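Report on the structure given below.
The values are calculated or read from the model by the stated rules, or taken from the named source; none is laboratory data. This one's a predicted model, so the numbers in the text were calculated from it and none came from an experiment. Neighbour counts are summed over all protein chains in view; Cβ atoms, including those assigned to glycine, are modelled from backbone coordinates with ideal geometry. Surface accessibility is based on the protein's heavy atoms, side chains included, excluding ligands, DNA and RNA. Shrake-Rupley method; radii C 1.70, N 1.55, O 1.52, S 1.80 Å.
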Amino acid sequence: MTTPFEKTTTTTCGYCGVGCRLEAHRADGRVVSISPAMDGPANKGHTCLKGRFAHQFARSRDRLTAPMVRESGGFRLASWEEAIARITEAFGKIKAEHGPDAIAGLASSRATNEDCYAMQRLMRAAVGTHNIDNCSRVCHSPTSFALRRSFGLSGATGSFDDIEQAEVALLIGVNPTQGHPVVGARIKQAALKGLKLITADPRRIELADYGQIHLANRPGTNSALLLGLAHVVIRDGLTDQDFIAARTDGYEAVEELVRAYAPQQVEAITGVPAADLERAAHMYAEADRACVLWGLGVTEHLYGSEAVQLICNLALMTANVGRPGAALLPLRGQNNVQGSSDMGALPDTFTDYRPVTDDAITSSFEQRWGVEMKREPGMKIPQMFDAAIAGDLKAMYIFGEDVAQTDPDTAHVTKALESLDFLVCQDIFENETTKFADVILPASSFLEKTGTFTNAERRLQLVEPGAEPPGSAKTDFEILTTVSRALGHEMGYETPSDVMDEIAEMTPRYAGLSHERIGRTGLQWPVAADGTDTPILYEDEFELPGGRAHFAVLPYKEPGDSADDEFPLILVTGRRLEHYNAGNMTRRTGNIELLSGESLEIHPDDAAARGLGDGDVVAVRSRQGQIELPVEVTERIEPGHVFCAFHFPEVRTNLLIGQSADINTSCPEYKVVAVAVDPVGRAAQAPRAAEETEPALQTG
Ligand SMILES: Nc1nc2c(c(=O)[nH]1)N[C@H]1C(S)=C(S)[C@@H](COP(=O)(O)OP(=O)(O)OC[C@H]3O[C@@H](n4cnc5c(=O)[nH]c(N)nc54)[C@H](O)[C@@H]3O)O[C@H]1N2
Ligand SMILES: Nc1nc2c(c(=O)[nH]1)N[C@H]1C(S)=C(S)[C@@H](COP(=O)(O)OP(=O)(O)OC[C@H]3O[C@@H](n4cnc5c(=O)[nH]c(N)nc54)[C@H](O)[C@@H]3O)O[C@H]1N2
Ligand code: SF4
Ligand SMILES: [Mo]
């Protein structure tokens, strides 16, 4: 049986940074089914259960379909004119009384490059402040910082295709079969064909079963592990001295530093048996082509950015960078978190990470936009919340981010949002954050807009609409350009393609980008004026002075929190296959039947010590706050540790997370929280659904 679709549009998945190319099939004016595009360079004809099935959210009755404004403690529907007038009035008053820096904005890493560029322009040119940030702050900002320090550019050095070309892959603090399932599947396939895998994770992730060596290091000890690997590589003469001499600086000091990290010493810190560390170092360094993949298990730590620099060290000393099959692949999280940062939705940089402190750069944007701007960076997200509580920040414009659920220290975030005089939220659903809004603007989902996303391989791919936004909702592009015009700054774009043309004009490394050139298969930046793109970075030179990469000399330091008598277990937070971040989208699809609530994973020994069985409800208490949820007793997790996700607003996981954050980038230490776990009662049923219900999701 064939379904009579009205139309099929090829687009790019709006969930994760893999960037699968999809065919969206339309009937009755709506996207009713999705299938993989066979020529997608990242997915090669595959998708995961989110990309393929989790599009019902777009048709959900809960979608925002008209603007809403606050009135006598609640919300009422409003016209676009009234909603926008409230924004211009409030922003105008605050600017007049307190200056433009009393206003801040957040761009959405779920939205397109064009939307994010328009958002940073709105804040910089229409409002007049560099107070603009995006959620890469709480995700891979340490990766960006470290790659720029060590190699020069903020992006993966190669492509997913390098996975199949590698002999060995080291996966550290990343769980691709859950977070990036299509890449997870590619790794599995490659492993079955001979790719050797080393996994490093306190939990035994699924890919450990496909690998040769699993290193179950304690949370927060990655740096010690990486220094230990470097110790063995150097001690056993496995370095590439020609590469080090020709292309790098600073190696001698690293040789000196790693002497203190002999395998026995590293075992004492990390819990990883010395013999396993030795084997892993040899496997990685003896391979002709080795990749490293990492994720939040590396970045969301007090010294996350330093750990990424130590990954770069390891690749440099073995010459595993700048060649096919030898790539550093940070698995960036959201569909466009690479792009939102590339586009300058950051308080300190314009497009391509060029600093606002650089007079020539800022002048060029001043001329283009006809405004004047400061040469000092604006506030990062945590500084915005602190400033709101201190009374210095009066208004925020939050575009596609649910900070009241996903940012750390929920009590602090909600206090900050309450402290604001005025909050605008632009989203596709009401969420925990919109509860604090004064104006809510109804936007479009990725299935209803035109533009581009940049995936974790630096690849820009087209997004094309399969349907119209519901009701009087508008595309993010239309909303942002209209608000900017109302604030007195005409951006002058007719379509998102015009935005891309400006990005290319203003950014030498993106000079050859245009929607037309991006076409069906995408382009990986840098893109030269003639359209040549760059699947592999640094083949000849690094993008640092003299073209040389930089070794970092960074000793191991302890994580910000540690277990003690009162808080004897370490909580690691992360994600689950069925749900996505704040869950606002996946909770409104059939995925809710696959997983309807959160549970705390606990090892059988720790459960027995507390008299806990599957489904028992516990109170989890940290130095910061307390939540309640049922337990799942499992050997997936090591004794002494517990794990839960943050996809369900009723659980409020982030009440437990404190203010501790990466020293260089303020990325929260989501991965190490000392907690006490005590029984409070017995639940009727553990939330994980017993049956396999996936077929029920096939609506198309
Ligand atoms: N299904 C689904 N997919 C998603 C998302 C989602 O919510 N749901 N979110 C997207 C986003 S925004 C992101 S950023 C990515 C994240 O994807 P990943 O980077 O894979 O993120 P996590 O699963 O949070 O953490 C990865 C692993 O780090 C481990 N870990 C924790 N602490 C340490 C440590 O100190 N050392 C080591 N070596 N490992 C540690 C955890 O046990 C976990 O298995 O996923 C994206 N994809
Ligand atoms: N405890 C704990 N907390 C974490 C993490 C963790 O590992 N542990 N991980 C952190 C990480 S890595 C991340 S990236 C953050 C993610 O945190 P968020 O960015 O807050 O989460 P998302 O669910 O990705 O998306 C936010 C909002 O975007 C809206 N949205 C989606 N598409 C569009 C669109 O096209 N237009 C508009 N206007 N809105 C849209 C959704 O409805 C949703 O409300 O969470 C962080 N929080
Ligand atoms: S792997 Fe990521 S990009 Fe691909 S379909 Fe799944 S969520 Fe979408
Ligand atoms: Mo993320």
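Of note:
- Test: residue in the stretch 676-690 that is away from ligand 2 (no atom under 11 Å from the Cβ), at pLDDT 95 or above and either in contact with a helix residue (DSSP H, G or I) (Cβ under 9 Å, 6 or more places away or on another chain) or open to solvent by less than 50 Å² (accessible area, probe 1.4 Å) (or both): yes
- For the condition part of a helix (DSSP H, G or I) and away from ligand 2 (no atom under 16 Å from the Cβ), L153 does not qualify.
- Taking the criterion of being under 23 Å from T199 (Cβ atoms) and not charged (D, E, K, R), the residues of the stretch 151-170 that qualify are A156, T157, G158, S159, F160, I163, Q165, A166, V168, A169, L170.
Residues checked against (1) β-branched (V, I, T); (2) open to solvent by less than 10 Å² (accessible area, probe 1.4 Å); (3) out of contact with any Lys or Arg (no Cβ under 9 Å at 6 or more places or on another chain):
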| residue | (1), (2), (3) |
| --- | --- |
| A66 | no, no, yes |
| A102 | no, yes, no |
| S150 | no, yes, yes |
| S154 | no, yes, no |
| G158 | no, yes, no |
| E167 | no, no, no |
| L171 | no, yes, yes |
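- Selection status of L238, at pLDDT 95 or above and under 30 Å from I657 (Cβ atoms): no
- The residues in the stretch 635-647 that are of a type outside the set (G, A, S) and open to solvent by 20 Å² or more (accessible area, probe 1.4 Å) can be counted, and the count is 6.
- 3 or more residues more than 9 Å from ligand 2 (Cβ to nearest atom) and assigned by TED's automatic domain parsing to the domain that holds Y580: qualifying strands (runs of 3 or more DSSP E) within the stretch 386-447: none
- Per the conditions (1) under 30 Å from R458 (Cβ atoms); (2) open to solvent by 10 Å² or more (accessible area, probe 1.4 Å); (3) touching a strand residue (DSSP E or B) at 6+ places or on another chain (Cβ under 9 Å), the sole criterion not satisfied by G19 is (2).
- Checked against the criteria, G228 does not count as small (G, A, S) and either within 28 Å of R458 (Cα to Cα) or assigned by TED's automatic domain parsing to the domain that holds G40 (or both).
- Residue match in the stretch 570-580 (condition: among the polar types (S, T, N, Q), more than 16 Å from ligand 4 (Cβ to nearest atom), under 20 Å from R204 (Cα atoms) and not assigned by TED's automatic domain parsing to the domain that holds S109): no
- Failed item, numbered, when K557 is tested on (1) among the charged types (D, E, K, R); (2) farther than 30 Å from P604 by Cβ; (3) within 16 Å of ligand 4 (Cβ to nearest atom): (3)
- Filtering the stretch 415-436 to residues that are acidic (D, E) and crowded, with 22+ Cβ neighbours inside 10 Å leaves only D427.
- When the residues of the stretch 394-414 are filtered to those that are open to solvent by 20 Å² or more (accessible area, probe 1.4 Å) and either modelled with pLDDT under 95 or of a type outside the set (G, A, S) (or both), the one that is nearest to H25 (Cα to Cα) is T406.
- Residue match in the stretch 120-133 (condition: within 16 Å of ligand 1 (Cβ to nearest atom) and either of a type in the set (G, A, S) or open to solvent by 10 Å² or more (accessible area, probe 1.4 Å) (or both)): no
Residue by residue, here is whether (1) touching a Ser or Thr at 6+ places or on another chain (Cβ under 9 Å); (2) at pLDDT 95 or above; (3) not acidic (D, E) holds:
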site: G14; (1), (2), (3): yes, yes, yes
site: L22; (1), (2), (3): yes, yes, yes
site: D28; (1), (2), (3): no, no, no
site: R63; (1), (2), (3): yes, yes, yes
site: M68; (1), (2), (3): yes, yes, yes
site: A78; (1), (2), (3): no, yes, yes
site: A83; (1), (2), (3): no, yes, yes
site: F91; (1), (2), (3): no, yes, yes
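- Residue match in the stretch 465-487 (condition: more than 21 Å from S159 (Cα to Cα), modelled with pLDDT under 95 and open to solvent by 70 Å² or more (accessible area, probe 1.4 Å)): yes
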